[in-house]
Amino acid sequence: MLPLLFLVIVVAGGLYVRSMMREQESPHPEMTDDHIKSAWRKLGFFCELDAEKRVWLLTGSRAGLLYFPDLLMGYVADPKNATNGALEHYGPYGSLEVMTWMEPGMDGNAIRGSLVDLERLASLVETQLATAQPGERLTIREDYAPNSPYGLVLDVRADGFDPSAVDREHLGPTIKPQVPEKPRVPDKPK
């Protein structure tokens, strides 16, 4: 019993430290806007964590959002993810985390569960998206992890939607560099 308690404390401490470090990290300065746009398009959907509403928000067309179950199934199929605590980062900033854990859940750090749970989540997402229409927001929480502090929201957009268009924080309007003002020359007396 004591070793299990120690393991839980160590893992919880590690998650806490990782979340604190993530808050201090700056975006990847080596990535250009084009790299970021390309990465969102390759992922197929835009992902952000809304800590205020306590949801993982995935935004994309039905076809783009269907990449999420594929991502989960790829994670499940990779043998290195079989042990508790294994995790993978997705998206241009690595902000979407999928983690192997003893029980299903979602929080401010990751979407987690056993490999069987994650496979079930992939199936739930596919089922929800089968009849989804643009403009719908589908919520998955109760069917996956009813005691989870966070949920998963699928924001379905029209076919052809570009997920990079949602990246307001990093791809919003460009800011022009400030040009120093010329020193003001006093008017000549008349």
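The values are calculated or read from the model by the stated rules, or taken from the named source; none is laboratory data. Source: prediction; values computed, not measured. Note: ideal-geometry Cβ built from the backbone for every residue, glycine included; neighbour counts use all protein chains shown. Note: accessible area is taken over every heavy atom of the protein model, side chains too, but ligands, DNA and RNA are not part of it. Shrake-Rupley method; radii C 1.70, N 1.55, O 1.52, S 1.80 Å.
On the beta carbon distance between Asp143 and Ser38, with R0 = 45 Å, the FRET formula returns roughly 0.85.
Per-residue 3J(HN,Hα) values for segment 127-138, derived from phi via the Karplus relation 6.51 cos²θ - 1.76 cosθ + 1.60 with θ = phi - 60°, read 4, 4, 6, 4, 10, 5, 10, x, x, 7, 10, 9 Hz in sequence order (x marks Gly and Pro). Between Asp70 and Asn84, the modelled labels are 3.3 nm apart [label points 7 Å from Cα along Cα→Cβ]. Near Gly151, the amide H atoms lying under 5 Å from its own belong to Val55, Trp56; only residues 5 or more places off or on other chains count, and H is placed 1.01 Å from N.
Arg157 sits among other residues whose Cβ lies under 13 Å from its own Cβ, and their net charge, with Lys and Arg +1 and Asp and Glu -1, is -2. Scan segment 62-169 for GluC sites (Glu not before Pro) in coil per DSSP, keeping those whose Cβ has at most 15 other Cβ atoms within 10 Å, and list them by number. Here the GluC sites (Glu not before Pro) that fit, given the DSSP loop and packing criteria, are Glu136, Glu142. Please report the antiparallel percentage of the DSSP beta bridges confined to segment 41-154, to the nearest 5. Among the beta bridges of segment 41-154, antiparallel pairing accounts for roughly 65 percent.
Contact order for segment 43-95, expressed relative to its length and based on alpha carbon pairs under 8 Å spaced 6+ residues apart, stands at 32 percent.
On the protein heavy atoms, probe 1.4 angstrom, tell me the percent of accessible surface of segment 71-172 carried by carbon and sulfur. Using a 1.4 Å probe with all protein chains present, segment 71-172 comes out at 50 percent carbon and sulfur.
Rolling a 1.4 Å probe over the protein heavy atoms gives segment 91-168 an accessible area of 44 Å² per residue.
Full extension of the segment from Val116 to Ala165, taken as 0.36 nm per residue of separation minus the current Cα-Cα distance, would add 14.3 nm.
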